[in-house]
Amino acid sequence: MQRVDAPEILDSDACSAGEAQAVLRVLGRVNRWFGGVTTTLKMVERAAQASGSKQLSLLEVAAGSGEVPEMVRQKLARRGITLDVTLLDRQRSHLPAGTQSVVSDALAMPFCDGAFDLVSCNLFAHHLDAQHLKQFVREGLRVSRRAVLINDLIRHPLHLAFVYASYPIMRNRVAWLDGLTSVRRAYVPEEIESVIASAFSLERVRLEISSNYLFRVGVIVWKEPADLSGRSRFQRLA
């Protein structure tokens with residue numbers, strides 16, 4: 001099954017603010033029921049374990065309603081881990097009111113180097129071609145102190161068949177059509193690994209890639225420890 005890159009309705013001017021909110025509600029159900037929340041939770045817990053920290057700051061990129069990081073934050077709180085979440089999205093209408101949020105481009109984020117412990121995204125990587133995915137990872141590593149977390153779909157014929165059959169669950173034509181497009185343009189784990197590794201010299205990138213429930217991939221791109229000059233190796237590559 002070859003990757004087919006095509007625009008999604010939610011990203012276009014054809015999608016009104018009201019329709020966008022309806023689609024985001026459907027995506028919330030998809031993330032709750034089909035591995036979105038658990039995949040991000042697993043990666044944040046891994047980062048907390050690796051750092052030995054009980055308090056982490058996280059920037060959620062292309063955040064939409066911000067439901068995934070909020071649910072992860074609540075689950076971690078019950079385990080004694082504090083997660084301070086900031087949301088970033090290029091559309092103000094996607095972001096929930098009353099949250100710590102920023103409207104900006106994910107490929108040129110308005111933050112200083114090392115502003116957050118973690119930079120995370122959910123269902124965003126498949127929107128990017130290989131060159132823009134490299135750019136996002138570089139930018140995410142610049143803004144993060146510890147790691148970039150990528151939670152996305154895995155392209156697979158069976159996954160596409162599941163989405164075709166999911167209309168009664170989604171009950172939203174735009175969400176259903178975008179779901180089909182998303183699976184077709186998603187990467188497989190080997191492709192993500194190759195794209196990210198090609199952005200950096202091999203000795204300077206550390207990846208952890210896991211396949212999760214119902215065709216979800218979790219990718220942790222670790223930020224290397226500071227060298228003798230006190231600067232991160234990744235920052236010199238930006």
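The values are calculated or read from the model by the stated rules, or taken from the named source; none is laboratory data. Here the structure is a predicted model, which means the values were calculated and not measured. Neighbour counts run over all protein chains shown; Cβ positions are idealised from the backbone, glycine included.
The set of residues from the range 34-46 being free of Cβ contacts under 8 Å to residues at least 40 places away in the same chain and either among the charged types (D, E, K, R) or surrounded by fewer than 19 Cβ atoms within 10 Å (Cβ to Cβ) (or both) comprises just one member, GLU45. When ALA20, ALA77 are checked against the criterion of being over 24 Å from LEU153 (Cβ atoms) and touching a Leu at 6+ places or on another chain (Cβ under 8 Å), ALA77 stands alone in meeting it.
Looking only at the range 52-74, residues that are of a type outside the set (A, V, I, L, M), in a helix (DSSP H, G or I) and touching a residue at least 12 places away in the same chain (Cβ under 8 Å) come to 4 in all. Go through the range 134-156 and count every residue that is of a type outside the set (S, T, N, Q), part of a helix (DSSP H, G or I) and over 28 Å from ALA22 (Cβ atoms). Number of matching residues: 8. Just one of the listed residues (GLN2, GLN49) is in a loop (DSSP other than H, G, I, E, B), surrounded by fewer than 16 Cβ atoms within 10 Å (Cβ to Cβ) and among the polar types (S, T, N, Q), namely GLN2. Just so you know, in the range 80-99 the residues that are at pLDDT 95 or above and either aliphatic (A, V, I, L, M) or in a loop (DSSP other than H, G, I, E, B) (or both) include one that is farthest from the chain's Cα centre (by Cα), and it is GLY80. The listed residues are ARG90, ARG25, ARG79, and the only one of them that is of a type in the set (D, E, K, R) and under 20 Å from GLY218 (Cβ atoms) turns out to be ARG79. When the residues of the range 93-135 are filtered to those that are in contact (Cβ under 8 Å) with a residue 60 or more places away in the chain, surrounded by fewer than 21 Cβ atoms within 10 Å (Cβ to Cβ) and out of contact with any strand residue (DSSP E or B) (no Cβ under 7 Å at 6 or more places or on another chain), the one that is farthest from LEU153 (Cα to Cα) is ASP113. Just one of the numbered conditions (1) modelled with pLDDT of 95 or more; (2) in contact with a His (Cβ under 8 Å, 6 or more places away or on another chain); (3) of a type in the set (S, T, N, Q) is not true of THR40: (2). Screening ALA77, ALA62 for residues that are on the phi > 0 side of the Ramachandran plot and modelled with pLDDT of 95 or more leaves exactly one candidate, ALA62. Tell me, please, whether a residue that is under 21 Å from ASP113 (Cα atoms), among the charged types (D, E, K, R) and at pLDDT below 95 can be found in the range 193-204. Yes: one or more hits. Across the range 1-21, the number of residues qualifying as of a type in the set (A, V, I, L, M, F, W, C) and free of Cβ contacts under 8 Å to residues at least 40 places away in the same chain comes to 1. Within the range 100-123, the set of residues being within 14 Å of the chain's Cα centre (by Cα), in a loop (DSSP other than H, G, I, E, B) and closer than 19 Å to LEU56 by Cα is empty.
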